[in-house]
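Since the structure comes first, as structure tokens, the remarks are kept for the end.
The values are calculated or read from the model by the stated rules, or taken from the named source; none is laboratory data. Keep in mind that this is a model prediction, so the values were computed, not measured. A quick note on method: Cβ atoms are made from the backbone with ideal geometry, for glycine too, and the neighbour counts reach across all protein chains shown.
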């Protein structure tokens, strides 16, 4: 099985958004106070504590616009936080019982038949199996309830 890496939002993008750069819809990120209860930061891949300032913004985790380049809402710590860098360690923000895992090809398009709701404790195994396929370049983890982008999984 492949060694996998949970890949967070690039630091350069997080820093630019914190500095007021426009999100994927050309809007300034909204600054709000976290109510706690499951607000995952897409840079450190940890939960944002209640009372902390956070950003809410539209994010497109793809390099270019194309029909499969989904855009959606995400949360980000308003303060600096370290980018998640662990290999094969489930990020702390993955606290729900299950998530959607979906494979994408080198062309950044969904590889049909790869999407499945996956129990959280089975994410690494399923992602490794998907990444063993030559037609899968990377995997997205998305919320099983709202389809929100969580993070990407890559081969190491």
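Numerical summary
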item: Enumeration of residues in region 40-63 that are surrounded by fewer than 20 Cβ atoms within 10 Å (Cβ to Cβ) and assigned to a loop (DSSP other than H, G, I, E, B); result: 46, 49, 50, 51, 52, 60, 62, 63
item: Positions within region 1-12 being more than 14 Å from the chain's Cα centre (by Cα) and either touching a residue at least 40 places away in the same chain (Cβ under 8 Å) or in a strand (DSSP E or B) (or both), in sequence order; result: 1, 2, 3, 4
item: Residue tally, condition over 13 Å from the mean Cα position of the chain (by Cα) and at pLDDT 95 or above, over region 76-91; result: 6
item: Any hit, region 22-40, residues being at pLDDT 95 or above and closer than 30 Å to residue 132 by Cα; result: yes
item: Among the residues listed as 116, 28, the single one being without any contact (Cβ under 8 Å) to a residue 24 or more places away in the chain, within 17 Å of the chain's Cα centre (by Cα) and surrounded by fewer than 16 Cβ atoms within 10 Å (Cβ to Cβ); result: 116
item: Which listed residue is at pLDDT 95 or above, in contact with a helix residue (DSSP H, G or I) (Cβ under 7 Å, 6 or more places away or on another chain) and under 24 Å from residue 73 (Cα atoms), from 110, 153; result: 153
item: Identity of the residue in region 115-134, in a loop (DSSP other than H, G, I, E, B) and out of contact with any strand residue (DSSP E or B) (no Cβ under 8 Å at 6 or more places or on another chain), that ends up nearest to residue 94 (Cα to Cα); result: 132
item: Residue 146, sole failed condition from (1) at pLDDT below 95; (2) at positive phi; result: (2)
item: Residue 73 being within 14 Å of the chain's Cα centre (by Cα) and either in a loop (DSSP other than H, G, I, E, B) or surrounded by fewer than 18 Cβ atoms within 10 Å (Cβ to Cβ) (or both); result: yes
item: Residue within region 13-21 that is without any contact (Cβ under 8 Å) to a residue 24 or more places away in the chain and either within 30 Å of residue 134 (Cβ to Cβ) or in the same structural domain as residue 129 (by TED's automatic domain parsing) (or both) present; result: yes
item: Test: residue in region 121-128 that is in contact with a helix residue (DSSP H, G or I) (Cβ under 6 Å, 6 or more places away or on another chain), within 20 Å of residue 38 (Cβ to Cβ), buried (at least 17 other Cβ atoms within 10 Å of the Cβ) and touching a residue at least 24 places away in the same chain (Cβ under 8 Å); result: no
